[in-house]
Amino acid sequence: MSHWLYLHMRAMGQALQRLAAQPLGSMLSVLVIGIALALPACGYLLLDNIARLAHGVSGAPEISIFLAMDAKQAVIDEVMERLRDDEVVKTVRFVSRDNALQELERSGLDDVVRALPENPLPDAFVVTVKGDDPALFGELSARVKRWRGVEHVQLDSEWVDRLHALLELAKTAVLALACLLAFALVVITFNTIRLQILTQRHEIEVSRLLGATDPFIRRPFYWFACLQGVLGGVAALVAVWIVIGVLQSPTETLAAAYGAIFTLRGPNGMEALALVGFAAFLGWLGSALSVRRHLTERLR
Amino acid sequence: MIVFEHVTKRYPGGYTALADVSFTLRHGELAVLCGHSGAGKSTLLKMIAAIERPTRGRVLINGQDVSRLKPSAVPYLRRSLGLVMQDNRLLHDRSVFDNVVLPLVITGHPPKEAARRAAAALERVGLAGRGNERPIGLSGGEQQRLAIARAIVNRPSILIADEPTAHLDNAYAVEISRLFKSFNAAGVTVLVTTHDAALFMTNRPRRIILDHGKLVVGDGA
């Protein structure tokens, strides 16, 4: 075990020496990896922040059921009873046409209300539904529309659903971008290791003659790519934090203009770890493929 | 012990480097492998180190059939050999010490023990105190001695060298030949290819002479 650890520590030392031997080249490679990873990471965090904002604004989705203007008390009672008996419905709140008018007045439209010859608002029910499956809202809405005395059913969360759909689309786009950039990083690492194998051809051949095993020769290349990936991941984190820092103030100003308080969140500990780990994995994958392709031929 | 049993090596294209070569080199023997350029000397040494495989026949090193060795077992065979190649194969971007210590690093010796043995090997070939220099700063004879130090640092039971005295003036060549003879006196089996067998004659070594891939003199093979 200690021998295995010693060999890995030595390989890591060799990899660090190779990184340090070409500081400019190493820094440029790390920056390329960092920027490539920062793009999808920023996209992911931006979408997550928007989703958080949308969830906070929408709260529990509601359905408003408006009755006909001439609906009698018997119709109101019947609708109330049917809603209470419906297994999908979680809460029911009746808003009489008089209460609705008062709410309209309180919202700052008292001048408009006073100018009206009569109350134009119908009696209504505000319903919340168990669960958050959009299909339940649709089914309930379609069912209620057929009831006697019901004039109109409005799904108050429709815009949230549309936003969620848009967010899902954007998430898929970010995922596709992440996959493309990850592939690009694997290709970059593949080529970097290929060039290293070419420049160290003599050392590899000498080591083989002296009894070096395949893992002994491959290890420094794996470590080099992993370390480069880790440094690239850290660079990506720094870039993400810079972007979040730049956007923080304008976002807070925008939220304040709508009377809200909203702070952009950066990557948490697990997300930061996942980003760096993913970068290291991509480095390892690129080097493993390159070593398999270019070194095996030289080893025999 | 090195045993060649009816070994033939034919390269793609039809060139035959070795043809039905058989000989035995016993433990602790010193043998000089002679022949003209292209006689098959280097090919024969490469077969001992499993760099080349025979087309026919068997090569046995300490009882192990090298011709059937799995690729994963080849490094372990090479660790039991001391190899001095014709062009030395030194790493010129490393120090003298780093060159000598490399076989010990490969075999996983602890750093302190490796440093001690590398220093001893350098002393043995007369390069003590030159560890921090680069090989490029050494003379031809010193580079050859450095290659020998690297070959013996793992204390091999068999030492093979391909033209270790080529390109050296007579004084250096004599010095190098003395080194090989001293290793042999310490019990190491030594096989050296050379154009100048006279350098090793004081120890009355075995002579193995190749001519166009065929063994013409085996001295008791």
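The values are calculated or read from the model by the stated rules, or taken from the named source; none is laboratory data. As the structure is a computational prediction, the values presented were derived from the model and not from experiment. Every residue, glycine as well, gets a Cβ built from its backbone with ideal geometry; the counts of neighbours run over all protein chains shown.
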Across segment A:153-212, which residue is farthest from the other protein chains (Cβ to nearest Cβ) among those that are touching a Pro at 6+ places or on another chain (Cβ under 8 Å) and at pLDDT below 90? A:ASP156
Return yes or no: is A:SER287 in the same structural domain as A:ASP48 (by TED's automatic domain parsing), closer than 22 Å to A:ARG10 by Cα and either without any contact (Cβ under 8 Å) to a residue 12 or more places away in the chain or among the polar types (S, T, N, Q) (or both)? yes
Of the numbered conditions (1) of a type in the set (A, V, I, L, M, F, W, C); (2) surrounded by fewer than 13 Cβ atoms within 10 Å (Cβ to Cβ); (3) in the same structural domain as A:TRP223 (by TED's automatic domain parsing); (4) over 24 Å from the mean Cα position of the chain (by Cα), A:CYS179 fails exactly one; give the number of that condition. (4)
Listed by first then second residue, the pairs whose first member lies in segment B:9-21 and is within 22 Å of B:LEU60 (Cβ to Cβ), whose partner is among the small types (Gly, Ala, Ser) and assigned to a strand (DSSP E or B), with beta carbons under 7 Å and at least 6 positions apart or on separate chains, are B:LYS9/B:ALA17
Given the condition within 14 Å of another protein chain (Cβ to nearest Cβ), crowded, with 18+ Cβ neighbours inside 10 Å and more than 30 Å from A:GLY277 (Cα to Cα), answer yes or no: does some residue in segment A:220-229 qualify? no
Among residues of segment A:208-217, those that are assigned to a helix (DSSP H, G or I) and surrounded by 21 or more Cβ atoms within 10 Å (Cβ to Cβ), counted: 2
Say whether the condition of being surrounded by fewer than 19 Cβ atoms within 10 Å (Cβ to Cβ), within 23 Å of the chain's Cα centre (by Cα), modelled with pLDDT of 90 or more and polar (S, T, N, Q) is met by at least one residue in segment A:264-273. yes
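For segment A:38-63, which positions are touching a helix residue (DSSP H, G or I) at 6+ places or on another chain (Cβ under 7 Å) and either outside any helix (DSSP H, G or I) or at pLDDT below 90 (or both)?
Residues of segment A:38-63 that are touching a helix residue (DSSP H, G or I) at 6+ places or on another chain (Cβ under 7 Å), as a first pass: A:38-45, A:47, A:50-51, A:54, A:58, A:61, A:63.
Result: A:LEU47, A:ILE50, A:ALA51, A:ALA54, A:SER58, A:PRO61, A:ILE63.
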If A:MET9 satisfies all but one of (1) away from every other protein chain (no Cβ under 14 Å); (2) within 20 Å of A:LEU231 (Cα to Cα); (3) hydrophobic (A, V, I, L, M, F, W, C), what's the number of the condition it fails? (1)
